[in-house]
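Presented below is the structure to which this report refers.
The values are calculated or read from the model by the stated rules, or taken from the named source; none is laboratory data. As the structure is a computational prediction, the values presented were derived from the model and not from experiment. Cβ sites come from the backbone with ideal geometry, for glycine too, and all protein chains shown count toward neighbours.
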Amino acid sequence: MGLQNNAEIVQSLYLAYLGRAADPEGLIYWLGQLEEERASANQVKQAIANSSEATAHLALLDSDDYVRSLYHHYFEREPGSLEVNYWAERLESGNLAWDELPDCMVDAACAQDQEALRAKLSVANYYSQHVTQNDYDIKQPLALDHLQSNEELYATLGRLAEHEAITLEQVGESVEGMPLYSAVVGTGPKTLMIVTQQHGDEPLGTEAVLGLLEYLAGESAGAQTLRETMTIVVMPRVNPDGFARWQEQVAGSEGVLDPRYNSNGIELNGTYDPNQPYDPDLAPESAAVRQQVAHYRPDLFLDIHNQNTYRSEDGSLATLSIMWPTNENIDPALIEFSQRAAVAIDQALGEYDHDNLTRYPGNDVPGISRNGLGLDGTATLLLEQRGLQEMDQLAQGTELDFSALAGALTLELWIGMVGIAEAMSTGSVDTLDPLLALQIPERAEAVSFEALYGSDQLLAFAEQSPMMLEETQLLGIQQDEAWLI
Ligand SMILES: [Zn+2]
């Protein structure tokens, strides 16, 4: 893979040698050196690799450790022993200098490693460009290495509720008696409501909304303004029973009820038709959502999901798909506002590298929340983020590490949610042209897991690689064994 711009070059050097995102001043300095041609990329590499911070770190490592540290810094995973030996032997025989290894590893990276590195570079770059030098944290995570269990989620919500700004209330319980919570921040006149994980096996949105709550409770000027102008209601993981079943699948259980559904086997996102009220005993989870919507009458409702992997019209991989209410009986003004909100999210995501928004192919079924709540007078958006295919692979027992991709997706959603909250807060959303929403590229064909990461992909890449084909195949075979069995 090639690095796409100077920011990626600088961030990749910080990752390789320092294991962290560039601090804002460092990034600006090195970008200036490169852009004004005061230093070549190689000179920047030498300067960072020979910095006291890097040499202090490298001095502690033997060649095996160094290879391992690069796999973690770049690809966010533990390498196989064959991979470690392959590179360590080349370092020790003198065929490869230590400062040549990072570039060689990037050149030889298989599809999933390339994706992980691209994800980390995007997250690092966004962080460096949005944090102040004073607030910069050397330990800022650049990946999401853990999905919270139900118990961990409740503990996190409890901790968040210690913030004065957050009110936590149990608003229902699942079929199996797990509590359903609503976390409310702010006292402003406009209301944004966000629901995640109606489908138990779609967990990334939950992680993103927890990050959003943390941000909203904080002391930044942006958060304070949002608390004064907005009321933000978050219901994370409204299908906790389904998520628990997905976790059982990941742990090896077979024959459990599809984690998509609630424990009565109900597709929760089919229970919202206001003209056919659903029995709350069968679907207490969506009953709790509808009750909160009735209570808060939000100006906008976001329904967050994970979908399988799709391409955009131009063949690139979609990260996110969006759609507004599409049932013909819904008030057109409400659809228009939802479209404006989609445009606001699209614009907010424009400043983030790991974003490729597409238009979800919506249908007019009244039972889904996007249409059902729309029929009931609420503007809604469906947000379908990539990630379901990866979660499905984990449930099938594939030993893969998606933490870099998950980190980049979670940040994308966070940026989109903060973006729409700010656009509602300032009123700028009302000035946007709803027709721009129709210019968001259509979601195109699905991409299978094998097509994305399988051996064909590895071989195709090997042909473009400066490494010897057979060497890359050797690594590819190793990776196939580790990932695809
Ligand atoms: Zn879903």
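Some values worked out for this structure:
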item: Output for segment 25-48, where each listed residue is among the hydroxyl-bearing types (Ser, Thr, Tyr) and either in contact with a strand residue (DSSP E or B) (Cβ under 8 Å, 6 or more places away or on another chain) or more than 24 Å from Val131 (Cα to Cα) (or both); result: Ser40
item: Test: residue in segment 293-308 that is in a loop (DSSP other than H, G, I, E, B), in the same structural domain as Asn239 (by TED's automatic domain parsing) and hydrophobic (A, V, I, L, M, F, W, C); result: no
item: Enumeration of residues in segment 295-315 that are within 17 Å of the chain's Cα centre (by Cα) and away from the ligand (no atom under 16 Å from the Cβ); result: Arg311
item: Top-ranked residue of segment 193-211 - restricted to ones that are more than 14 Å from the ligand (Cβ to nearest atom) and either in contact with a helix residue (DSSP H, G or I) (Cβ under 7 Å, 6 or more places away or on another chain) or not assigned by TED's automatic domain parsing to the domain that holds Leu373 (or both), ranked as farthest from Leu409 (Cα to Cα); result: Met193
item: Restricting segment 358-378 to residues that are surrounded by fewer than 24 Cβ atoms within 10 Å (Cβ to Cβ) and among the hydrophobic types (A, V, I, L, M, F, W, C), the residue that is farthest from the chain's Cα centre (by Cα); result: Leu375
item: The one condition in (1) within 16 Å of the ligand (Cβ to nearest atom); (2) free of Cβ contacts under 8 Å to residues at least 24 places away in the same chain; (3) of a type in the set (S, T, N, Q) that Ser286 fails to fulfil; result: (2)
item: Segment 445-457, residues that are surrounded by 15 or more Cβ atoms within 10 Å (Cβ to Cβ) and within 20 Å of the chain's Cα centre (by Cα); result: Val447, Phe449, Leu452, Tyr453
item: Residue in segment 357-375 that is hydrophobic (A, V, I, L, M, F, W, C) and either within 14 Å of the ligand (Cβ to nearest atom) or touching a His at 6+ places or on another chain (Cβ under 8 Å) (or both) present; result: yes
item: Some residue of segment 415-437 being within 16 Å of the ligand (Cβ to nearest atom), among the aliphatic types (A, V, I, L, M) and under 17 Å from the mean Cα position of the chain (by Cα); result: no
item: Unmet requirement for Glu76, which otherwise passes all of (1) surrounded by fewer than 20 Cβ atoms within 10 Å (Cβ to Cβ); (2) within 30 Å of Leu400 (Cβ to Cβ); result: (1)
item: Per-region count, segment 79-121, residues hydroxyl-bearing (Ser, Thr, Tyr) and closer than 24 Å to Gln393 by Cα; result: 1
item: Filter pass, Asp137 being out of contact with any Cys (no Cβ under 9 Å at 6 or more places or on another chain) and closer than 19 Å to Ala408 by Cα; result: yes
item: Residue within segment 223-235 that is surrounded by fewer than 24 Cβ atoms within 10 Å (Cβ to Cβ) and small (Gly, Ala, Ser) present; result: yes
item: Residues of segment 261-275 satisfying the condition of being closer than 24 Å to Val233 by Cβ and either assigned to a helix (DSSP H, G or I) or not hydroxyl-bearing (Ser, Thr, Tyr) (or both); result: Asn262, Ile266, Glu267, Leu268, Asn269, Gly270, Asp273, Pro274
item: Residue identified as part of a strand (DSSP E or B), farther than 26 Å from Glu450 by Cβ and either touching a residue at least 40 places away in the same chain (Cβ under 8 Å) or not aliphatic (A, V, I, L, M) (or both) among Ile330, Ile345, Ile322; result: Ile322
item: Qualifying residue in segment 247-255 (condition: within 16 Å of the ligand (Cβ to nearest atom), among the aliphatic types (A, V, I, L, M), out of contact with any strand residue (DSSP E or B) (no Cβ under 9 Å at 6 or more places or on another chain) and free of Cβ contacts under 8 Å to residues at least 60 places away in the same chain); result: no
item: Segment 276-292, residues that are in contact with a helix residue (DSSP H, G or I) (Cβ under 8 Å, 6 or more places away or on another chain), part of a loop (DSSP other than H, G, I, E, B) and of a type outside the set (Gly, Ala, Ser); result: Tyr278, Pro280
item: Given (1) on the phi > 0 side of the Ramachandran plot; (2) away from the ligand (no atom under 16 Å from the Cβ); (3) in contact (Cβ under 8 Å) with a residue 40 or more places away in the chain; (4) not aliphatic (A, V, I, L, M), index of the condition Gly177 fails; result: (3)
item: Selection status of Ala395, under 15 Å from Leu144 (Cβ atoms) and of a type in the set (A, V, I, L, M, F, W, C); result: no
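Conditions (1) small (Gly, Ala, Ser); (2) part of a loop (DSSP other than H, G, I, E, B), marked per residue:
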position	(1), (2)
Gly397	yes, yes
Ala404	yes, no
Ile415	no, no
Val418	no, no
Glu422	no, no
Asp430	no, no
